[in-house]
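Below: the structure, in structure tokens.
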Amino acid sequence: MDPQNTNSEAKMLLIHAKTLRLHTGNLVNRSRLKKKCPCSPSEELQDCIQATLSDWFSTTKPPSKDFPDTLDCSIPQETDAITPEERDELRVSVKLFLCESLQSSIRDAVEMVCQTLAVSQLDSVIIAPPWPLESDSQSLAHLQPAWEELEALVRSQQIAAIGTSDLDKDLLEQLYNWAQVKPSSNQFNLASCCVMPPELTAFAKEFDIQLLTHNDPKELMSAATFQEAVQEGTQDLTTADWRLEWVLRYSIIVKSRGIIKAKGYLVSARKASP
């Protein structure tokens with residue numbers, strides 16, 4: 001097929017779509033990205049979005065007639081489906097960054113990653129809700145809707161364990177006391193403080209909550225940076241205004257060896273209303 005025609009057909013698909021779903025595939029195997037050493041998770045994600053869209057635009061095939069509302073951009077050979085024979089040997093961990101306060105996004109993201117990886121249950125999901133605009137800190141009321149959705153997914157056995165990100169001791173204690181399904185972990189950003197607060201460490205130890213470190217910024221990707229990544233990946237500066245709904249980062253770890261077998265991102269965006 002003529003590359004120019006493929007490119008124009010891909011652009012027509014993008015023009016008609018209302019929702020964009022993107023899967024980077026396994027970054028461990030993508031030589032194009034391995035050559036780079038992004039110095040932050042945000043830069044890694046931006047590189048991934050650009051590379052995946054660029055690859056998809058060069059390989060996509062047009063539908064026979066209808067333009068779908070939801071456009072799935074993924075490279076088939078880059079998928080990380082897990083076979084039933086190897087599932088027990090692997091741990092699937094997820095961190096879900098919500099860019100909008102839509103509880104349906106949590107279920108959509110979990111179902112998409114389960115389908116992508118061919119698993120019925122995720123071993124752990126850490127939630128990172130959007131930061132409240134009106135303040136510099138989160139509150140229990142702000143966390144509760146997302147946590148209730150996660151609890152429902154635990155009850156339906158789609159998730160085994162759920163965790164939080166960047167909660168101080170007081171808020172973690174409030175969540176623990178309120179929640180029906182207790183948090184199993186809490187991520188802590190060492191950029192904000194080089195040592196774990198002793199009161200947080202003591203509380204986590206008492207209630208068997210694992211404390212993990214991370215280096216993700218409060219806002220993983222700004223609206224402007226995402227738009228720039230889409231424009232770069234599609235080579236089209238006039239592309240529509242796309243808004244991030246959520247970003248999911250998954251890691252597949254070999255339990256016995258503690259090594260990462262696969263790592264990737266799933267991204268969902270919607271076209272902004274005119």
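The values are calculated or read from the model by the stated rules, or taken from the named source; none is laboratory data. What you see is a predicted model; the values in this text were computed from it and never measured. Quick reminder, even Gly has a Cβ in these numbers, built from the backbone with ideal geometry, and neighbours come from all protein chains shown. Surface areas here come from the heavy atoms of the whole protein model, side chains and all, with no ligands, DNA or RNA. Shrake-Rupley method; radii C 1.70, N 1.55, O 1.52, S 1.80 Å.
Assorted remarks:
- Exceeding the 18 Å Cα-Cα cut-off - candidates LYS95/LYS263; LYS218/LYS261; LYS169/LYS205: LYS218/LYS261
- Residue-averaged 222 nm ellipticity for the chain, from DSSP H runs of 4+ at -39500 (n - 2.57), nearest 500: -11500 deg cm²/dmol
- Between ALA272 and ALA191, the C-beta separation translates, for a Förster distance of 45 Å, into a calculated FRET efficiency of about 0.90.
- Each of the peptides 139-148, 227-236, 81-90 was scored by the mean count of other Cβ atoms within 10 Å over its residues; in descending order, highest first, they stand as 227-236, 139-148, 81-90.
- The stretch 185-206 and the stretch 149-181: distance between their alpha carbon centers, rounded to Å: 17
- Kirkwood hydrodynamic radius (C-alpha pairs) into Stokes-Einstein, the stretch 117-274, 37 °C and 0.692 mPa s, D in µm²/s: 185
- Looking at the chain alone, DSSP beta bridges between its own residues are antiparallel in about 55 percent of cases.
- The charge dipole of the stretch 167-219, taken about its Cα centre with unit charges on the Cβ atoms of Lys, Arg (+1), Asp and Glu (-1) only, comes to about 80 debye.
- Residues in the stretch 245-273 reached by a label modelled at GLN115 [backbone nitrogen below 15 Å; 7 Å Cα→Cβ]: 266-269
- About the Cα centre, charge dipole magnitude for the stretch 191-258 (Lys/Arg +1, Asp/Glu -1 at Cβ), debye: 420
- Peptide packing: for 254-266, 46-58, the average count of neighbouring Cβ atoms within 10 Å per residue gives the ranking 46-58, 254-266, highest mean first.
- 1.4 Å probe accessible area per residue over the stretch 133-270, in Å²: 51
- Percent of alpha-carbon pairs separated by more than 35 Å within the chain: 18
- Taking 7 Å steps out from each Cα toward its Cβ at SER184 and GLN144 produces label points 2.6 nm apart.
- Note on ASP123 and SER58: the extension gain reaches 19.9 nm, defined as 0.36 nm multiplied by sequence separation minus the Cα-Cα distance.
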